[in-house]
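In what follows, a single structure is set out as structure tokens and then discussed.
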Amino acid sequence: MADLTTRTTITELDAHQPFTVTAALAAGIALGGGWGLALDGLLAAQLWAERKARLHAAGQATTRLADTDVVADMDLPLSTCRAPDGRWHWAATCAEPGGVVDGHERDIRYWTGRMDDRTYRQTTTTMPATLPTHQGRWRNRIMPVIVTMCRKVTWQGVGDVEKVRQILLPVAAIGKKRSQGEGRVLAWHVEPTDGDPWEFGHLHSSGGLGRPALPECLADLHVPHGGSGVTGLRPPYLHPSRQHRLLLPAVSLG
Amino acid sequence: MGKQTGLDLTTLQALRAPARDLTLLIDRIAAHLDAHDGYVAYSGGKDSTVVLDLVRRADPNVPVCFFDSGLEFPETLAYIGELTDRWNLNLQVIPARPTALEYLQANGSWTHEPAPAEATAAAASMHKVLITEPARRAHQRHGDGELWGIRAQESRGRRIMLLKALATAIDSNCAGCCPTPATRRAHTAGQRAQHGGAVRRVDRTVAFSPVWDWTADDIYGHLASHSVPVNPVYNKLRELGAPSFLQRVSPIVDANSLGYGRIVWLHHGWPDLYDRVRSALPRIDEFC
């Protein structure tokens, strides 16, 4: 794991180098909101899914994230960027959409959900006399899903290109509602490139801030960003221990 | 949804012929204030903005009470500040205690743990925290009268409440002053205009909504034709693609419309605000 805190350490420590990742998409990507999908989150999720499958196959139970106070970091093949106070993040950006059809950047679709009474009865030994479906946890839903209409999404990062490629190749779909056909990936392209490691670890190709970043990351640099807010610094992004006041990416996909 | 092309809807709305007798409405507002004193309950939403615009024509110094839930869109707070300067309003902010977020956190239904039984029973009192209790304080300060911006079209419950109030008002106050309805009709347009919109509560307070029978188009038409600025939250939600019934300004989270994607629009339009709410209410993720 190389450290990006100073721009000169990256190539001196190991084989990490700047790279770009492009996912060619069949029909856009459904995102939850805010900015694009984080590459480090995608890699961590893939590694965690593999590890969890191995543990479960060996008969070992895993604890759900909400019940885990201290979360271990996955060993991602990415460099890191560390602040003097010890906080750090992986050197990789969030997805930047490309090949967007002008005038049709977003599509709004709807999905519906109703409680499956038969499944519910099979998963519990006790049932309340009535289960409200107009309120509470089991309420019926008619929910929008917002799809960014684009032919590809691109990330930048610094790390071990071959390992990143190996992790991503099995990923068939990204984003939300994958089981309904959203975010289907046609091909992955992971290419090493020349460039400033700091920029590849923080910025979109357009020059704006490409990931939530510590204020120390930008220091006195004039980089367009989306202001300040409390959000996740590194995977698992939603865990309370990962929440910090950070500078937000320049481009919102909302 | 892409680039804006075509006709300007605001301009078109302003061209709508005025469907209401504003002079009569303003006279009724003045009479309501004379009889009951009181205040305007103002949320920053489109309906209460129309009411505020009408009331200030009847009495420019009327107290304008904003019940701050603590979970307001930043744009709403800025908008109310700008409108206060523009119209020189007698604005009074009445904060909810506890705030909406404190209430929801204490409720227990928004964590990943099973909700305590008492939380379900307490859920109905969020209305009390955000509306009833601040309104009680406002009535203490300003009298029994209230001017608010509810409309019959908003929900079945409001329609029933307002129609029952109209029937009561006609029975007790309409002694030949208005045209009588034809057979099998409950009331006439004249009776609605002259007697509708006033709700008398058991605590003796009297709330009057001058826009009680207006449609959403009437509301937007009035705002456009009188050049009244609209809370920018509406435009942002509309541009995001939120359906009209989810274009609401306050509070940003409660138990309503969660199953219709209300939180999805919050997440897409205000990602940092969403993250802050999520840190306090972890289960909000389930509605994205």
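What follows draws every value from the coordinates through simple rules; no lab data is involved. In this text, all values refer to a predicted model and were calculated from it rather than measured experimentally. A quick note on method: Cβ atoms are made from the backbone with ideal geometry, for glycine too, and the neighbour counts reach across all protein chains shown.
For residue A:230, nonlocal amide neighbours, meaning residues 5 or more places apart or on other chains whose placed amide H falls under 5 Å from its own, are A:246. Using just its DSSP H runs of length 4 or more, each adding -39500 (n - 2.57), the protein assembly as shown gives a mean residue ellipticity at 222 nm of -9500 deg cm²/dmol after division by all residues.
Using +1 on the beta carbon of Lys and Arg, -1 on that of Asp and Glu, and nothing else charged, what's the dipole of chain A about the Cα centre, debye to 20? Write out the running numbers ahead of the final one.
Numbers: 27 positive and 25 negative charges, 312 e Å.
Computed charge dipole of chain A: roughly 1500 debye.
Each residue of region B:59-71 is assigned a 3J(HN,Hα), and the resulting list reads 8, x, 9, 4, x, 10, 9, 10, 7, 7, 6, x, 10 Hz, derived from the Karplus form 6.51 cos²θ - 1.76 cosθ + 1.60 (θ = phi - 60°), x at Gly and Pro.
What angle, in degrees between 0 and 90 and rounded to the nearest 10, separates the Cα long axis of helix B:216-225 from the longest principal axis of the Cα atoms of chain B? Around 80 degrees separate the two axes. Here's how it looks for residue A:37: its modeled amide H is under 5 Å from those of A:95, which are all 5 or more places away or on a different chain.
Any chance you could tell me what percent of the C-alpha pair distances in region A:130-254 go past 22 Å? Kindly include the intermediate steps, with their values, before the conclusion.
Numbers: 4207 of 7750 pairs.
Here the tail beyond 22 Å accounts for 54 percent of pairs.
Residues whose amide H comes within less than 5 Å of that of residue A:31, counting only those at least five positions distant or on another chain, are A:146, A:148, A:176 (H built at 1.01 Å from N in the peptide plane).
Out of every Cα-Cα pair in chain A, what percent are more than 28 Å apart? Summing the P(r) of chain A above 28 Å gives 40 percent of all pairs.
Model label points for residue A:228 and residue B:137, set 7 angstrom from Cα along the Cα-to-Cβ axis, are 2.9 nm apart. Using the Karplus relation 6.51 cos²θ - 1.76 cosθ + 1.60 with θ = phi - 60°, the per-residue 3J(HN,Hα) values for region B:92-97 come to 10, 8, 10, x, 6, 10 Hz, with x marking Gly and Pro.
Per Stokes-Einstein, at 25 °C and 0.890 mPa s, what whole-number D in µm² s⁻¹ belongs to the protein assembly as shown, with the Kirkwood radius over Cα pairs as the hydrodynamic radius? If you can, show how the numbers build up before the last one.
Working: Rh = 26.6 Å.
Rounded to a whole number, D works out at 92 µm²/s.
Counting every pair of alpha carbons in region B:138-211, the share spaced more than 19 Å apart comes to 38 percent.
Rg over Rh for region A:124-197 works out to 1.22, both radii taken from alpha-carbon positions and Rh defined as the Kirkwood radius.
Would you kindly state how much longer the chain becomes between residue A:130 and residue A:116 on full extension, computed as 0.36 nm times their sequence separation minus their alpha carbon distance, in nm to one decimal? It would help to have the intermediate numbers written out before the result.
Numbers: separation 14, 0.36 × 14 = 5.04 nm, distance 1.39 nm.
Once the chain is fully extended between residue A:130 and residue A:116, it gains 3.7 nm.
For a footprinting-style exposure proxy, rank A:47, B:24 by other Cβ within 10 Å, fewest first. Mind showing how you got there, number by number?
On the way: A:47 16, B:24 13.
Taking fewest neighbouring Cβ atoms as first place, the list is B:24, A:47.
Backbone phi angles across region A:150-165, fed through the Karplus curve with coefficients 6.51, -1.76 and 1.60 (θ = phi - 60°), yield HN-Hα couplings of 8, 7, 7, 10, 10, 10, 10, x, 9, x, 8, 4, 5, 5, 4, 4 Hz in residue order; Gly and Pro are listed as x.
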